[in-house]
Each structure stands twice: as structure tokens, then as C-alpha cells.
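Inspection log for the structure reproduced underneath, given as C-alpha cells.
The values are calculated or read from the model by the stated rules, or taken from the named source; none is laboratory data. The model shown is predicted, which means the values in this text are computed figures rather than measured ones. Every residue, glycine as well, gets a Cβ built from its backbone with ideal geometry; the counts of neighbours run over all protein chains shown.
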Amino acid sequence: MSGLSAKRRKGVLIAVLVIIGAPVVLFLGLLATIAIMYGPEYAYRVLVYNEATIQDYKRVFPARTVENQPPIFNFKTAAQPLQIGKVTFTYPAGNATTIDFEPYLAQSDSTAFIVIKDDTILYEKYPSGYQRDSIQRSFSMAKSITSTLVGLAVQDGYIHSIDDAMITYLPELKGRGLDAMTIRDLLVMNSGVAFTLLPRDAFILAQPFYDEALMYYMPNSRAHVLQLHSGKEAVGEYFLYDDYYPLLEALIIERTSHKTISAYTEEKLWRQLGMEYPASWSLDSEQDGFEQAASGFNARAIDFARFGRLFLNDGRWEGRQILPEGWVKEATSPDPNDKRPWMNDQAWKNAGGYYKYHWWGIVNQDGTYDYTATGSPGGQIIYISPGHNAIVVHNGASGDPMVWAMIAHSIVQNLK
């Protein structure tokens with residue numbers, strides 16, 4: 001038997017209970033606070049799931065299917081696969097890195113890597129046990145799809161012009177300091193709407209109160225975005241990456257077209273482009289049924305490549321003009337008059353990058369430009385190089401999308 005007295009044993013037991021119980025009390029207190037502020041479902045999601053993962057399309061959110069339609073468009077396949085050896089890329093600016101590509105791909109939690117040139121698949125691999133038919137989560141690549149739907153909504157007459165004031169379509173936001181904000185402002189991520197990005201060194205228990213988490217996990221996104229207000233910066237004063245903007249765009253499309261974003265994506269894109277597989281949009285909840293237009297598109301990597309091909313061909317598909325004439329150039333080309341300071345993502349700007357209509361562009365040394373849809377976490381990219389008639393798709397579970405974009409850039413620059 002221990003030599004501790006009964007009184008001391010009681011004291012030790014109380015201390016142990018306090019040590020064990022304190023985190024539980026803290027967690028329950030935090031849960032109650034978040035539930036009061038934002039509702040119990042949000043509190044449960046953000047505290048239980050916390051960090052977003054590529055499995056969120058099935059572990060967290062319900063989804064609405066986006067059907068494809070035959071005939072399937074098939075890329076040609078190169079007789080000899082592309083051999084990718086050492087790749088040197090520069091990112092951030094001034095920081096040259098050389099990797100041995102195959103080991104790097106195998107060790108990077110990647111789930112897909114595809115290189116296509118002249119409609120021919122030069123390289124196609126699915127590490128980490130994935131296959132061609134494996135579902136890949138887009139994360140912010142969804143923004144590039146949503147902005148494309150905006151262009152289609154203009155073409156269909158649902159939106160009169162992207163220079164229309166946002167409040168023309170969302171009058172609930174009148175008088176919130178946002179009356180001057182246009183749809184174009186949303187597409188180029190002009191400052192205006194208040195949005196707090198999560199600091200990378202933020203304490204984990206602070207995460208539920210930042211807008212990144214609110215945008216992602218709220219089960220009633222429609223109501224949430226209609227409570228938004230202006231931030232400290234005036235409309236258009238800065239480039240400010242703001243995840244609410246695609247949700248506002250989606251709400252405008254939904255209201256004007258009287259269709260869900262899923263139905264509109266299916267009608268205007270997935271049934272038009274010879275997609276090989278159905279896709280889906282994650283929803284905020286079964287009850288609200290609003291698509292996660294900033295982060296929640298789920299498809300196969302090869303079909304992301306087909307979406308990239310639409311842009312590579314200036315919005316045409318097999319002789320048909322799918323996107324409005326001139327939309328691709330308008331959406332992706334650098335704007336020499338864009339002199340905005342950037343509030344975030346400075347590393348991309350310092351590397352010669354720009355941002356337009358939810359595409360990240362980079363100007364090449366010869367004056368041409370490439371552009372990419374990106375998603376994080378996982379380094380999701382749809383990289384498009386018009387000058388090389390090439391597309392690169394990467395999906396994965398971890399990694400920086402800008403690093404993968406610059407790896408793609410280096411690979412494409414060396415294609416013959």
C-alpha cells in the first residue's frame with residue numbers, strides 16, 4: 001500500500017480530476033459559446049472536424065449530383081509517357097528549388113497529376129491509392145467554376161452586366177456600406193466586404209471565430225452572407241482574398257436563374273463538355289441546400305482537365321461557343337491598369353502574379369501568360385498554358401497550390 005495518508009490521497013485525486021476535467025470544461029464552454037453565437041450545428045462541425053480535408057465531401061457535407069452526358073470526350077494518349085526528371089522552380093521569388101519529380105510526387109500526399117498538350121495525355125498518375133475514377137475535392141478551384149457560371153449567367157440574360165451593383169440583385173445588403181460594390185468587384189476580389197483570414201499561427205480554439213471557418217462550416221450560408229457588411233477598407237482599395245464573394249455570386253445566379261448552382265453547372269458545363277463522370281456540389285446542409293460555391297466542387301481529375309480545355313480553347317468546345325465570346329480573355333488576362341496593393345498572398349504578386357475572376361495568372365518572360373485555378377489544402381490546381389497549348393492538373397491531400405502551379409509552370413516551359 002502507498003504510504004500516502006487518506007487526506008493526501010484525496011488531494012491527489014482532486015488534482016487529477018481537475019487536470020483531466022479542465023479541458024473538458026473548457027471544450028464545453030467553448031461549444032456553448034459558439035452554439036449561442038452561430039448555432040449548434042456550426043459549433044459541432046468546427047470543433048469536431050476543425051481542419052478541412054479532401055474527404056469532407058463525404059465526412060461532413062451533403063451533396064447534390066451534377067450529371068454528365070454522352071458522348072464522352074476522350075483525350076489522345078501519347079505513345080510514350082512523358083519522363084519527368086528533375087524540375088527546378090522559383091517560388092517564392094528569388095528562391096530556386098530543384099526536385100526529383102517522381103520521388104517528390106510519391107512523397108507529397110498527391111492523389112493525381114496529369115499533363116496534357118495538344119489534346120494528348122503525356123503523363124497521368126494517381127498516387128496514394130487513387131485511380132482515374134477517384135473523387136477529388138476542389139477546394140478553392142470551385143471559385144473558378146463559379147466565376148465561369150457568372151459569365152454564362154450574363155450570356156443567358158440572367159445578369160445584365162458584371163458592372164451592375166451587387167445590391168441590384170441582393171437588396172438586403174443595402175445600407176451596409178456595400179452599395180458601390182459591383183459584381184466585377186466580387187470577381188476580382190476587391191476589398192469591401194469584411195473578411196478575416198485565419199492567421200497561420202492562430203490558436204486552434206480561436207479558429208471558429210474567423211470568417212474562413214464560418215464560410216466553410218455554416219449550415220445556413222444564404223442567411224449568413226446576407227448579414228455581411230463593409231470592412232475597414234473601401235470598395236476597391238485593395239486586393240483582399242475573400243471567400244464570401246463566390247457565395248454572393250452564387251446567390252445572385254440562383255436568384256436570377258431560379259435554378260440551383262448544381263443544376264446550372266450541369267446544364268451549362270457538365271452536360272456540354274463530354275465529361276467522363278458525374279460530379280457534385282457540396283451543400284451547406286440538407287435544410288438550406290446551398291452550394292459551397294467557394295470550396296465545394298467534387299469531380300475527377302480528368303474532368304477538371306476537360307474544364308481546363310474549355311478555357312484553353314477560348315470557351316469553345318468541338319466547334320460550339322460555350323462561354324461568351326471574349327470571356328476567357330477577359331477573365332484570365334493581366335490587367336495593366338490594376339495597380340491595387342495586395343492585403344494578402346504577396347508571395348504570388350512578388351513572383352509576377354496577378355488575380356482576375358478567380359484565376360491566378362503569371363506573366364511569362366516572353367510576354368505571354370499562364371493561369372491557374374487553385375485550391376488549398378492539398379495543392380489543387382488546374383494550370384493552363386495557352387502558349388504551350390497545355391493543361392496540368394494536380395490534386396492532393398497536402399501542399400501549397402502555388403508551389404504546384406510553379407512546378408507545372410516549369411514542366412510546361414520544357415515541353416517540346
Segment 354-375: number of residues that are buried (at least 19 other Cβ atoms within 10 Å of the Cβ) and touching a residue at least 24 places away in the same chain (Cβ under 8 Å): 15
Any hit, segment 283-293, residues being farther than 30 Å from residue 220 by Cβ and in the same structural domain as residue 187 (by TED's automatic domain parsing): no
Residue pairs meeting the criteria (Cβ under 7 Å; at least 6 apart or on separate chains; first aromatic (Phe, Trp, Tyr), in segment 126-151; second surrounded by 23 or more Cβ atoms within 10 Å (Cβ to Cβ)): 126/111; 126/112; 130/111; 130/112; 139/295; 139/375; 139/378; 139/380
Candidates 271, 309, 300 - the one that is of a type in the set (Lys, Arg), under 26 Å from residue 53 (Cα atoms) and surrounded by 15 or more Cβ atoms within 10 Å (Cβ to Cβ): 300
Cβ pairs under 6 Å, 6+ apart, first in segment 319-347 and at pLDDT below 95, second loosely packed, with under 15 Cβ neighbours inside 10 Å: 347/92
Checking residue 186 against (1) buried (at least 16 other Cβ atoms within 10 Å of the Cβ); (2) modelled with pLDDT of 95 or more; (3) assigned to a loop (DSSP other than H, G, I, E, B), the condition it does not meet: (3)
Residue check for residue 139: in contact with a Ser or Thr (Cβ under 7 Å, 6 or more places away or on another chain), of a type in the set (A, V, I, L, M, F, W, C) and within 29 Å of residue 310 (Cβ to Cβ): yes
Sole exception among (1) over 17 Å from residue 396 (Cβ atoms); (2) in a loop (DSSP other than H, G, I, E, B) for residue 65, by number: (2)
Residues located in segment 384-408, provided they are touching an Asp or Glu at 6+ places or on another chain (Cβ under 9 Å) and more than 11 Å from residue 113 (Cβ to Cβ): 384, 385, 386, 387, 388, 389, 390, 397, 398, 399, 402, 405
